[in-house]
Each structure stands twice: as structure tokens, then as C-alpha cells.
Amino acid sequence: MSQLTSPSYVARLLRERGLGAKKGLGQNFLVDQNIVRRILESAALTGESWVLEIGPGLGALTSGLAARAAHVVAVEIDGELAAVLKEILPNPKITIVEGDALGLDWQELLAGAGWRGESLSLVANLPYYITSPLIMKALECGLPFASILVMVQKEVAERMLAAPGSKDYGVLSLAVQYYAAGSLVLKVPRTVFLPAPAVDSAVVKLEPRPPQVSAPRQELFAVIRAAFQQRRKTVRNALKALVAEWGLKLEQLDEALASCGIEPTERGENLSLEEYSKLTEELLKGV
Ligand code: SAM
């Protein structure tokens, strides 16, 4: 089905159906067979794997995924594209669902298509406007994804994989680290899409694993979000409001920082996940 990634085929299909690429839905179709092949290879599927694909578009990845997996459940928000897909990919191994992937219950969708707990992967060439919430949903929804393979804007990939001290390091980097091991699979130039977007992309693989730190998740992320709310503030100043909300005195914040070996003048962007976890646990001792 390599014609699905031929620029002339995609352009003709859109023209014949009277469809345009809808910018508001992030519709930039992948038209490079080499990139498709590399994405399919890194999905590391077996004949038993199930795949949840978000935003199949005109099916650039869908049929290749179905060829390597037991079943693909593909969620497309655009009813016109979902109808075209059903027509051009009549395959019992593919279930096309029309709907908003952010709003739908994925467990229900998969169960409805016959998934009974087999190995599961998520693959998506994501529309830019839902990248962060979609990744957070994938990490937090409780489904046992063996891997989450997402094509995102290059800048988002950098934020996802950033280490402490880097300008890209932030809440998204820490959330990714909390839930998964992340790696960069592939850089993707803007020229392989039709229409070409304004930015380059990258494919990132997340392999979920149990959290490597022990602080309770909700409180840990309350501390992390507070620390990054104003990046330029010291961690001490950035956490003042949160500790007051938790009923703690400023001295208790100072003590917690000291017992974690964190200088009060340190900035949130230099602290590791382990340091945030330790700090959260120290603060919670006083609550
Ligand atoms: N997978 C195709 C490809 O690689 O050529 C299309 C990728 S395109 C960047 C993103 C796709 O996601 C579009 O088909 C768009 O209509 C769809 N989409 C946008 N928002 C969505 C949402 N909330 N839920 C499901 N699909 C969505």
C-alpha cells in the first residue's frame, strides 16, 4: 500500500473527494515511504500486538501497522477522512473509529474491537494542537502500553527528552521521565508532509515503566508545576505559595530544602526528578 504515501496519490485523493487538508485539525499527511518504514520498524510489533493509532488521516501508517500487528484500532476526528479510510482500507484487521481521541474512553474502544489484554502499542503522527494532552492521556490512562511511538514537533520532542539544566527541561520532561523511558527515534524534516508544516518533526518512543521515585504522584506534580510556573524564580520563592496552601511555614520549606541538599537559590530547572521526589516527601512530613 505504498501508494498511500505517494504525494501525487494523496493530492489526487483529496482533490477527487473535494477535501482540503484542514489546518485546524493539524492535517499534514506523511508522503515519504522511507520515513513510514522507519516508524513501522521502530514500533517493534509482533503478529500478536494490538495498535491504537491516533489520527490515521489518509492511512499512511495504518495499513503498514495492520500488516505487522494482529489488529489496529484507528481513531480519526475528521468524519470525511474516516469515511474515505473505511473505503480505501477495507481490512478486517483495521477498525476505524470516528471521534475525538482526547474525549473517548480508549479501554472501551479497544474492548469493543475485541482486545482482550494482548500486547498493546500506541502509534500516532500527532496533530500539533493536542500533543501534550494526548501524551499525558497515553501515560496516565492505565492501559498497559508496551510502547508509545509519537511523531511530534521537533521542539516538543526536545522538551519531552530534556535533562535538568537544559532550556527545554520542564513539566513535560519530568512527566515523561516519571512514567517512561524515552528515546529519540528519528528526526523528520518538514518536507515529507503534504502540505509541509512550518516546523520540523521528530519521532519519540516512550516505554512505560513503574515510577522510579517514591513521592505520591499528585503532590509531586504540584511541587513540579509550582517550581516551573515562573522559571526565573528560585525554587524557594516559587514554592512559597504551595507550601502555605499545604499549611506549612516558610521555615519548614527551608528545612526541607536543606535536608535534600538543595540550595535555596537553586532554580527549578536544575532539579532532577529524584530531587523533586525527595523534596516532596520532606515537605509532606510536615503536613
Ligand atoms: N497519520 C496520518 C499521516 O501520518 O499522514 C495523518 C497525520 S496528521 C498530522 C494528524 C491527523 O490527526 C489528521 O488526520 C487529523 O484529522 C487527526 N486528528 C486531529 N485531531 C484529532 C483528535 N482529537 N482525535 C483524533 N484524530 C485527530
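The values are calculated or read from the model by the stated rules, or taken from the named source; none is laboratory data. Source: prediction; values computed, not measured. Don't worry about glycine lacking a Cβ; one is built from the backbone with ideal geometry, like all the others, and counts go over all protein chains shown.
Residue check: is Thr62 within 21 Å of Thr191 (Cβ to Cβ) and in contact with a strand residue (DSSP E or B) (Cβ under 9 Å, 6 or more places away or on another chain)?
Against the criterion (within 21 Å of Thr191 (Cβ to Cβ) and in contact with a strand residue (DSSP E or B) (Cβ under 9 Å, 6 or more places away or on another chain)), Thr62 does not qualify.
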message = within 11 Å of the ligand (Cβ to nearest atom), free of Cβ contacts under 8 Å to residues at least 24 places away in the same chain and not charged (D, E, K, R): which single residue out of Ala101, Ala83, Ala74 fits that description?
response = Ala74
query = Quick check: is even one residue across region 152-160 within 12 Å of the ligand (Cβ to nearest atom) and either more than 22 Å from Val10 (Cβ to Cβ) or in contact with a strand residue (DSSP E or B) (Cβ under 9 Å, 6 or more places away or on another chain) (or both)?
reply = yes
request  = Collect the residues in region 165-209 that are surrounded by 16 or more Cβ atoms within 10 Å (Cβ to Cβ) and in contact with an Asp or Glu (Cβ under 7 Å, 6 or more places away or on another chain), keeping them in residue-number order.
outcome  = Asp168, Tyr169, Ala180, Val188, Val192
task = Consider Leu4 carefully, then state whether it is crowded, with 18+ Cβ neighbours inside 10 Å and assigned to a helix (DSSP H, G or I).
result = yes
query = Within the bounds of region 143-151, is there any residue that is in contact with a Gly (Cβ under 8 Å, 6 or more places away or on another chain) and of a type outside the set (Lys, Arg)?
reply = yes
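Residue-by-condition table, conditions (1) farther than 17 Å from Arg15 by Cα; (2) surrounded by fewer than 23 Cβ atoms within 10 Å (Cβ to Cβ):
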| site | (1), (2) |
| --- | --- |
| Thr46 | yes, yes |
| Gly57 | no, no |
| Glu76 | yes, no |
| Gly79 | no, yes |
| Val84 | no, yes |
inquiry  = at pLDDT 95 or above, within 24 Å of Pro208 (Cβ to Cβ) and assigned by TED's automatic domain parsing to the domain that holds Ser6: is that true of Glu53 in this structure?
reply    = yes
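Listed here are the residues, each with its yes/no results for (1) near the ligand (Cβ under 8 Å from one of its atoms); (2) at pLDDT below 95; (3) out of contact with any strand residue (DSSP E or B) (no Cβ under 6 Å at 6 or more places or on another chain).
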position: Ala11; (1), (2), (3): no, yes, yes
position: Gly24; (1), (2), (3): no, yes, yes
position: Phe29; (1), (2), (3): yes, no, no
position: Ser42; (1), (2), (3): no, no, no
position: Gly57; (1), (2), (3): yes, no, no
position: Gln107; (1), (2), (3): no, no, yes
position: Leu120; (1), (2), (3): no, no, no
inquiry  = Take residues that are more than 24 Å from Gln3 (Cα to Cα) and touching a helix residue (DSSP H, G or I) at 6+ places or on another chain (Cβ under 6 Å) and tell me which of the strands (runs of 3 or more DSSP E) falling wholly in region 30-135 contain 1 or more.
reply    = none
key: Scope region 106-155; condition surrounded by 15 or more Cβ atoms within 10 Å (Cβ to Cβ) and either among the basic types (Lys, Arg) or free of Cβ contacts under 8 Å to residues at least 24 places away in the same chain (or both); matching residues   = Lys137, Lys154
